[in-house]
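**Student:** Here it is, the structure, as structure tokens.
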Amino acid sequence: MPELPEVETLVRGVRQELVGKSFVSVSFLRADIREPIPTLRLKQILTSQPVHSVTRRGKYMLIHTSQGSMGVHLGMSGKFVLSASSQERLPHTHAVFELVDGRQFRFIDPRRFGRLFSIECEELNEHPFLSKLGVEPLNDDVNLAKHLFQSSRSKSQAVKVFLMDSSVVVGVGNIYASESLWRAKINPHVSAKQLTSKMYTNLARQIIKVLSEAILAGGTTLKDYRNKDGNPGYFQLNLAVYGREAKPCRKCAAMIVKTTQAARSTYQCPICQK
Ligand SMILES: [Zn+2]
């Protein structure tokens, strides 16, 4: 499943190709994905004016023109790739956005949990998909440590569950929560409100580092990347704990333990993360 680093890498690639350019045509090969696609409105937004910016909010990519914006969410299996128009369309291509030079961005989503939606200029931050999102961990204007400390004071839930709550902070999915807690030597089961401000300072630093490393590891996702099994793949960090049950901890060689929290797998070192 694409996580924040994949989406950020995608946004950077799309931004480089798209800002200042116009779409000559936009076509939809089906009327709905997870929800109905506002096909007419998206055509109006995207074909009347050049794209002036491409941004990210959580796991949403937002493509803006002066007429409004298109929101793109990749869901479980979605991809947004750049292809020559002569290139054969892959199965499950649901939308085609053609540029003046003939190249096409294509939205492909076999499992159809993705979203393509329109946002009007005046509702950019109030749109229902965006309005409840927490802070951006990689935004320079955000003091992540302070935010996590302050928002955790009344939270008795486990710190890992707290980190994965997208109304607190976006983009800390299961993998990144497990990895950053291991790096910060914090037990994922400890109640969020029990951690000190100093612990959150360290944890915030590790979250930012883990996400930044994943972005660096990603390279470009505009090409149709497939893993060795031939499935569409997403990039991953060299993981230290996630998925390493019963394997030796990379710091102390103790066996990594797997537990379940809020129906998600948690991996932890019983020695480093007491
Ligand atoms: Zn260890």
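**Student:** Residue by residue through the range 135-190, note down the ones that are touching a strand residue (DSSP E or B) at 6+ places or on another chain (Cβ under 6 Å), modelled with pLDDT of 95 or more and hydrophobic (A, V, I, L, M, F, W, C).
**Tutor:** Val135, Ala158, Val161, Val169
**Student:** For Leu46, all conditions in the list (1) in contact (Cβ under 8 Å) with a residue 60 or more places away in the chain; (2) crowded, with 21+ Cβ neighbours inside 10 Å; (3) not aromatic (Phe, Trp, Tyr) hold save one; what is the number of the exception?
**Tutor:** Among (1) in contact (Cβ under 8 Å) with a residue 60 or more places away in the chain; (2) crowded, with 21+ Cβ neighbours inside 10 Å; (3) not aromatic (Phe, Trp, Tyr), Leu46 violates only (1).
**Student:** Let me ask something else about it. If I filter the range 93-101 for residues that are under 30 Å from Ser27 (Cβ atoms) and part of a loop (DSSP other than H, G, I, E, B), do I get at least one hit?
**Tutor:** Yes.
**Student:** Also, quick follow-up: Quick one: what pairs do we get from the range 79-94, first residue at positive phi, second of a type outside the set (Asp, Glu) and outside any loop (DSSP other than H, G, I, E, B), C-beta under 6 Å, 6+ apart or different chains?
**Tutor:** Within 6 Å, the pairs are His92/Ile108.
**Student:** Restrict the check to the range 176-187 and report whether at least one residue is of a type outside the set (Ser, Thr, Tyr), within 18 Å of the chain's Cα centre (by Cα) and under 20 Å from Tyr242 (Cα atoms).
**Tutor:** yes
**Student:** Return the residues of the range 263-274 that are more than 16 Å from the ligand (Cβ to nearest atom) and surrounded by 13 or more Cβ atoms within 10 Å (Cβ to Cβ); say none if nothing qualifies.
**Tutor:** Scanning the range 263-274 gives Arg264, Ser265.
**Student:** Answer yes or no as to whether Ser152 is crowded, with 18+ Cβ neighbours inside 10 Å, touching a helix residue (DSSP H, G or I) at 6+ places or on another chain (Cβ under 6 Å) and of a type in the set (Ser, Thr, Tyr).
**Tutor:** Here the answer is yes, as Ser152 does meet what is asked.
**Student:** Continuing with the same structure: Only one residue in Lys193, Lys160 is in contact with a His (Cβ under 9 Å, 6 or more places away or on another chain) and in contact (Cβ under 8 Å) with a residue 40 or more places away in the chain, so which one is that?
**Tutor:** So the residue among Lys193, Lys160 that is in contact with a His (Cβ under 9 Å, 6 or more places away or on another chain) and in contact (Cβ under 8 Å) with a residue 40 or more places away in the chain is Lys160.
**Student:** Continuing with this model, one more query. May I ask you to list pairs of residues, at least six apart or on different chains, whose Cβ atoms are under 8 Å apart, with the first in the range 261-274 being closer than 12 Å to Trp182 by Cβ and the second being part of a strand (DSSP E or B) and within 10 Å of the ligand (Cβ to nearest atom)?
**Tutor:** Matching pairs, first to second residue: Pro270/Met255.
**Student:** Out of everything in the range 92-139 that is over 20 Å from the mean Cα position of the chain (by Cα) and hydrophobic (A, V, I, L, M, F, W, C), what residue ends up being surrounded by the fewest Cβ atoms within 10 Å (Cβ to Cβ)?
**Tutor:** Checked the range 92-139; the qualifying residue surrounded by the fewest Cβ atoms within 10 Å (Cβ to Cβ) is Val100.
**Student:** Scan the range 241-258 residue by residue and report those that are away from the ligand (no atom under 13 Å from the Cβ) and closer than 16 Å to Gly173 by Cα.
**Tutor:** Answer for the range 241-258, where residues must be away from the ligand (no atom under 13 Å from the Cβ) and closer than 16 Å to Gly173 by Cα: Tyr242, Gly243.
**Student:** Looking only at the range 122-141, count every residue that is under 30 Å from Asn202 (Cβ atoms) and either among the polar types (S, T, N, Q) or without any contact (Cβ under 8 Å) to a residue 12 or more places away in the chain (or both) and tell me the total.
**Tutor:** 3
**Student:** Looking at the range 80-132, which of its residues are outside the structural domain of Glu17 (by TED's automatic domain parsing) and of a type in the set (Phe, Trp, Tyr)?
**Tutor:** If the condition is that a residue be outside the structural domain of Glu17 (by TED's automatic domain parsing) and of a type in the set (Phe, Trp, Tyr), then Phe129 is the only one that fits.
**Student:** Out of all the residues in the range 49-66, is one or more under 18 Å from Leu130 (Cβ atoms) and surrounded by fewer than 17 Cβ atoms within 10 Å (Cβ to Cβ)?
**Tutor:** yes
The values are calculated or read from the model by the stated rules, or taken from the named source; none is laboratory data. Keep in mind that this is a model prediction, so the values were computed, not measured. All Cβ positions, even for glycine, are placed from backbone atoms using ideal geometry, and neighbour counts span all protein chains on display.
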